[in-house]
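*Asks:* Below is a structure I'd like to ask you about.
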Amino acid sequence: MPASDTPLPPLRHVARGTAVIGLQWGDEGKGKIVDCLAARHHAVVRYNGGANAGHSVVHAGQRFALHLVPAGVLHRNVLAVVANGVVLDPAALLAELDALEARGIDTSGVVISNQAHVVAPWHHLEDDLREELLRSGETGNASDEHTHDPNGRAALLRDSEPTPIGTTRRGIGPCYADKVQRANAIRIGDLLRPGPLRHRVALACCVKNATLEALARLSRRPFTPFDPDLVAAELLRCGERLRPRIRNTTALLHDLLRQGRALLFEGANGTLLDVDHGTYPYVTASACAAGGIAPGTGLPPACVDCVLGVLKAYTTRVGHGPFPTELHDALGEHIRQRGREFGTTTGRPRRVGWLDLVAVRYAARLNGANALALTMLDVLDDIPTLRVCTAYRLGRRTLDDFPPDAAELAGVEPIYTELEGFRREVRGVRRRDDLPPAAIRYVEFIERFVGVPVAMVSVGPERDETVEPWCEPGPYWSVSQQRVRDVP
Ligand code: IMP
């Protein structure tokens, strides 16, 4: 029977999705958590972001750095779906697939939405030029403007000292901007239609060569115009190689739900980088929180029945923007080294700080998290006294809630609660009761403060270096155990 003739199942049967979402500024260890849960699901689905994300997964002693390919790729019989909300550079995706194949990973389960948007060469350049412009503080003819602007807008421009966002320079923001702008955007499906593609690329080059030349001049950088024939030829070449993987993934995912299959949504980046609810403007360009799943896949919001929020036992951030609990001292360096806190995508050292529970509670609420996965607990096990931020001071006020506005957040001072260090290695531990009592108290403090139960605790990068289940099986785990039986 064709899928469209199938009677619609009742809602409770549709609700079969688990979302794995980062509750901090990315790099929470979502890749490992997805890897742990993938075998209980039929498909792992990426719905946002692009190659700015870097999920690192240790599998059978080998470390895999995944950027675009969902972490489900490391499991046989699990589809790895790159849905419509993702933006991708087709050549980068092919390189990632080739590298996985070269290491013996079967990538035949990777499918890509024909509605995902293409990160084109001009998007990389635009990302670079915009960051350069912000870095140099160049604001064009600001002094001329001052003469015509009695309200002093030019003075404001000069005084506000624009800071770069610190993007990954993967062209993510410019690609999403063009998606919304529409006229010169290219979608993955276009790569399979040579005539219309050449036309779109010619139009895009016309617009981009004009605007980027001006931007390059402003940033005092050289500029070589894009050749539409070369760009179109390269995109068509990639399209031919990707052809067997390109699908209407929305229809595919709806079919899977109708068949009662379980889906795992792999959030990229982190909630505090969400374009609307993160620390704007120091955010990424997509909807990272669970609310982004519906537009990013074409599935109804009700299909997500469990949101597993992932947080590290401390905090990290890459790029610019406020970070109240940041450590600038030797302890910060110690955590950076022990936690291997260097960007999977860019190799940049990550900024490191104490666990900010005010921020995590805000993110958990935004996502409606019903369970937490705590990662990197082992990294803290040699620190004598631990601190967690439980409120902020702003002038004479005490704030209990997270102010996502970057300017406001930049002015807060963290108020800490001190907790006893673990005094023992935790990496070999597999059962909750074998953890040092202080480590159990640390986890329980997080649960109580955030108001969401911890479901699993990761004590090392390998899949089995996990304490799971952490709590008595509750609604989350009964759903998840059910899935183990469902997956063929
Ligand atoms: P973009 O996503 O490249 O535009 O970068 C915007 C901001 O988000 C920068 O501060 C990046 O460092 C940060 N960012 C983007 N993706 C990730 C991620 O997966 N982990 C951590 N930071 C990220």
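*Asks:* Once the whole set of protein chains is in place, how much accessible area is left on Asp382, using a 1.4 Å probe, in Å² to the nearest 10?
*Replies:* Asp382 exposes around 80 Å² with every protein chain in place.
*Asks:* Put Arg351, Arg130 in order of accessible area, largest first, 1.4 Å probe: what do you get?
*Replies:* Descending order: Arg130, Arg351.
*Asks:* Determine which lysines satisfy two conditions relative to Lys30: a Cα distance under 29 Å, and not lying fewer than 8 residues away in the same chain.
*Replies:* Lys179, Lys312
*Asks:* Residue separation times 0.36 nm, minus the C-alpha to C-alpha distance between Ile440 and Gln181: what's the value? Numbers along the way, then the final one.
*Replies:* Details: separation 259, 0.36 × 259 = 93.24 nm, distance 5.01 nm.
Once the chain is fully extended between Ile440 and Gln181, it gains 88.2 nm.
*Asks:* Distance between Cα centroids, the range 397-456 to the range 199-230: provide it in whole Å.
*Replies:* Result: 48 Å between the Cα centres.
*Asks:* Quick one: check the C-alpha center-to-center distance for the range 238-291 versus the range 323-396, whole angstrom.
*Replies:* Centre-to-centre distance over Cα atoms comes out at 25 Å.
*Asks:* Then there is this: When the dipole is taken about the Cα centre of the chain, and only Lys, Arg (+1) and Asp, Glu (-1) are charged at their Cβ, what size is it in debye, to the nearest 20?
*Replies:* 1000
*Asks:* Can you pull the percent of the chain's accessible area that's carbon plus sulfur, 1.4 Å probe, other chains left in place?
*Replies:* So the carbon and sulfur contribution to the accessible surface is 53 percent.
*Asks:* Taking the Cα-to-Cβ direction at Ala91 and at Arg241 and moving 7 Å from each Cα, how far apart do the two end points lie in nm?
*Replies:* 1.0
*Asks:* Ok, one more. Below 8 Å, C-alpha to C-alpha, sequence gap of six or more: please give me the relative contact order for the chain in percent.
*Replies:* So the answer I get is 20 percent.
*Asks:* For a Förster distance of 41 Å, can you work out the FRET efficiency between the beta-carbons of Arg135 and Leu203, rounded to the nearest 0.05? Working shown, then result.
*Replies:* On the way: r = 30 Å, r/R0 = 0.74.
With a Förster radius of 41 Å, E is 0.85.
*Asks:* What spacing in nm lies between the two simple spin-label points modelled at Gln337 and Asp98, each 7 Å away from Cα in the Cβ direction?
*Replies:* For Gln337 paired with Asp98, the spin-label model returns 3.8 nm.
*Asks:* For the chain, what is the calculated [θ] at 222 nm in deg cm²/dmol (nearest 500), taking -39500 (n - 2.57) for each run of four or more DSSP H residues and dividing by its residue count?
*Replies:* Taking each H run of at least 4 residues, the total per residue is -10500 deg cm²/dmol.
*Asks:* Straight-line reach from Lys208: which aspartates and glutamates have Cα under 12 Å away, leaving out those fewer than 8 places along the same chain?
*Replies:* Within reach: Glu126, Asp178, Asp227.
*Asks:* Go through Asp89, Asp405, Asp178 and list them by solvent-accessible area, largest first, probe radius 1.4 Å.
*Replies:* Asp405, Asp89, Asp178
*Asks:* For the chain, what is the accessible area per residue in Å² when the probe is 1.4 Å?
*Replies:* Working: 20790 Å² over 488 residues.
Normalised by residue count, the accessible surface of the chain is 43 Å².
*Asks:* Magnitude of the Cβ-charge dipole of the range 338-377, K/R +1 and D/E -1, about the Cα centre, nearest 20 debye?
*Replies:* Rounded to the nearest 20 debye, it is 120 debye.
*Asks:* Leaving ligands and nucleic acids out of the surface, order Val304, Val358 by accessible area at 1.4 Å, largest first.
*Replies:* Val304, Val358
*Asks:* Relative to a virtual label point 7 Å from the Cα of Thr398 in the Cα→beta-carbon direction, which members of the range 348-363 show backbone nitrogen distances below 17 Å?
*Replies:* Taking a point 7 Å out along Cα→Cβ of Thr398, the residues of the range 348-363 whose backbone N falls under 17 Å are 357-359.
The values are calculated or read from the model by the stated rules, or taken from the named source; none is laboratory data. Since this is a predicted model, take the numbers as computed values, not measurements. In this analysis, Cβ positions are derived from the backbone assuming ideal geometry, glycine residues included, and neighbour counts consider all displayed protein chains. Quick note on the areas: whole protein, heavy atoms, side chains included, nothing else; ligands and nucleic acids left out. Shrake-Rupley method; radii C 1.70, N 1.55, O 1.52, S 1.80 Å.
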